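See below for the structure under consideration.
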């Protein structure tokens, strides 16, 4: 197998809250605490987890968008380590990795026409196109994402949520990236429109060979779009496997609980579905756990779970749980 | 399901308009339905389909102007709620009909402790004094599963997590044991594991008090797990209604079919998602005939002319749908 397009090695992002008054300095928020994964060219890695699990911070760290935080680990994009690069040195790599945001209402400049919005990255990254070629490229991109190019001179507010998300995708594609990070890119859309955008993203991957890191809290959406899926809990990946494997044969107790909590649009299925009940809520990420961070809520907890930290196994179906480790 | 009892709430031909600069928006356009004691009725539809406006009218919460109740009746115990004045509304709202909103952070008052907000309802409606009301509030908070209720009652909303805040909202809504509980996307902002806890809680509260619940959601998984009956809305109209099982097994409106096919499932593999083509309807510019016709895969000439009436199919399971075509035949061909 060739070298993966994106390699993330033991990534850590710790935010330091500001000190208030003269008290003890507050503990760091360990938003991402040792995350490793690869993304192959033209493939999709899904990251799922509940709010506060660190999936969005991981996304932003991959694109080197996090300043003012303590970072460790390596992010290697297309053979180059980019995590230590400054803004200027980072520029060439920005064109290789783009982002699509959650809120199509907040992520498009309301004062720019759609044509300008899509054209801007081409200019920013100096693709060196003539005005006419730029125009043709905008038309091509708009057609590619299914927006009529006649609407080039309209403003974002004249479009519906789904159309705006298509415009955001066209903007990300404008610099011909190899990787697009989608952070909850379809979560704000109605189901019927959400399906359109998912299908569009999958079509584009077929046509252009772009890779995605697809972040979502929606387990069903991720199963649909991702080749491999990582489940995150408290800043760590607790399970990582091919999409089919993970959903058919979940191993980590947290993955099992998460799946059993997600309702299925089928009245009969829900009756037969066994629920793994999780008590309580996700604990605060400023605690350093000697053992497994999930131990306090885990229905299958062992005595040693509170003391021994599990490691993510090395097989294709990776799981970080003592139940699957040999002693 | 057959209902031996009388409906507790009857909505008849409800029409709600909003007067905007660009024209009149008919947000709810002749919607009728009944709600029976102890049942959960789901209302599904896209943003702008009128599901929230329908339910705000049941609470007398439509801002007028720009809103206007243009017609219809909401009958509760034989009384038309739409004719009540503000004073009379206060005897109903919170006492007989209560509501849980989507976002507990904006629905709770950030300046008041949970105690202040919880005792307000019971002091007003149940004529309790302060001490009794506080005691009652602590009991309710325990019931909705807030640990350390007698301490936490003195906290402000921001001191609670999202799931706990939603529990506080539920506590407030059930504190007078209302006959009817309207839940407008109560779990949409929550994580799945917390959502499962809240749905569980609502079910057990319903069993204990026999409350009828109207559950507004866009999540078909939630509908399948909690609702007895479902009503589907599109562009301000009811387009289909039946038992939950019937809606999922034998949908008769193309929009319902589209919704079911476009919802991804985590328990099933690589089927292609069948999205509904086109964009959600613009309520200022609805097409002639059936509002769904520009996006419909079963569209015929007649659909472009006539607004389909709501047809009730009598049978073991009552089923209403507003579509001129019989799509069940074609659907069976698809699946075979």
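The values are calculated or read from the model by the stated rules, or taken from the named source; none is laboratory data. These numbers were taken from a predicted model, which means no experiment stands behind them. Don't worry about glycine lacking a Cβ; one is built from the backbone with ideal geometry, like all the others, and counts go over all protein chains shown.
Things worth noting here:
- Residue within region A:240-255 that is closer than 24 Å to residue A:134 by Cβ and either at the interface with another protein chain (Cβ under 9 Å from one of its Cβ atoms) or at pLDDT 95 or above (or both) present: no
- Candidate set: region A:70-88, residues that are assigned to a loop (DSSP other than H, G, I, E, B) and under 19 Å from the mean Cα position of the chain (by Cα); chosen: the one farthest from residue A:126 (Cα to Cα): A:83
- Qualifying residue in region A:105-127 (condition: on the phi > 0 side of the Ramachandran plot and either modelled with pLDDT of 95 or more or surrounded by fewer than 19 Cβ atoms within 10 Å (Cβ to Cβ) (or both)): yes
Yes/no matrix, rows are residues, columns are (1) within 23 Å of residue A:210 (Cβ to Cβ); (2) free of Cβ contacts under 8 Å to residues at least 60 places away in the same chain; (3) outside the structural domain of residue A:187 (by TED's automatic domain parsing):
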{"position": "A:15", "(1), (2), (3)": "no, yes, no"}
{"position": "A:24", "(1), (2), (3)": "no, yes, no"}
{"position": "A:34", "(1), (2), (3)": "no, no, no"}
{"position": "A:38", "(1), (2), (3)": "yes, yes, no"}
{"position": "A:48", "(1), (2), (3)": "yes, no, no"}
{"position": "A:63", "(1), (2), (3)": "yes, no, no"}
{"position": "A:73", "(1), (2), (3)": "no, no, no"}
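- For the criterion of being touching a helix residue (DSSP H, G or I) at 6+ places or on another chain (Cβ under 6 Å), crowded, with 16+ Cβ neighbours inside 10 Å and under 26 Å from residue A:171 (Cβ atoms), residue A:100 passes.
- Condition broken by residue A:304, with the remaining ones in (1) within 26 Å of residue B:224 (Cα to Cα); (2) surrounded by fewer than 17 Cβ atoms within 10 Å (Cβ to Cβ) satisfied: (1)
- Members of region A:66-78 found to be modelled with pLDDT of 90 or more and closer than 26 Å to residue A:169 by Cβ, listed by number: A:75, A:76, A:77, A:78
- Long-range neighbours under 6 Å by Cβ, at least six apart or interchain, first residue free of Cβ contacts under 8 Å to residues at least 60 places away in the same chain and within 14 Å of chain A (Cβ to nearest Cβ) within region B:163-183, second buried (at least 22 other Cβ atoms within 10 Å of the Cβ) and assigned to a helix (DSSP H, G or I): B:163/B:194
- Answer from A:288, A:264 - the residue that is farther than 27 Å from residue A:15 by Cα and either in a loop (DSSP other than H, G, I, E, B) or touching a strand residue (DSSP E or B) at 6+ places or on another chain (Cβ under 9 Å) (or both): A:264
- Lone qualifier among A:26, A:4 - being under 15 Å from residue A:179 (Cα atoms) and part of a loop (DSSP other than H, G, I, E, B): A:4
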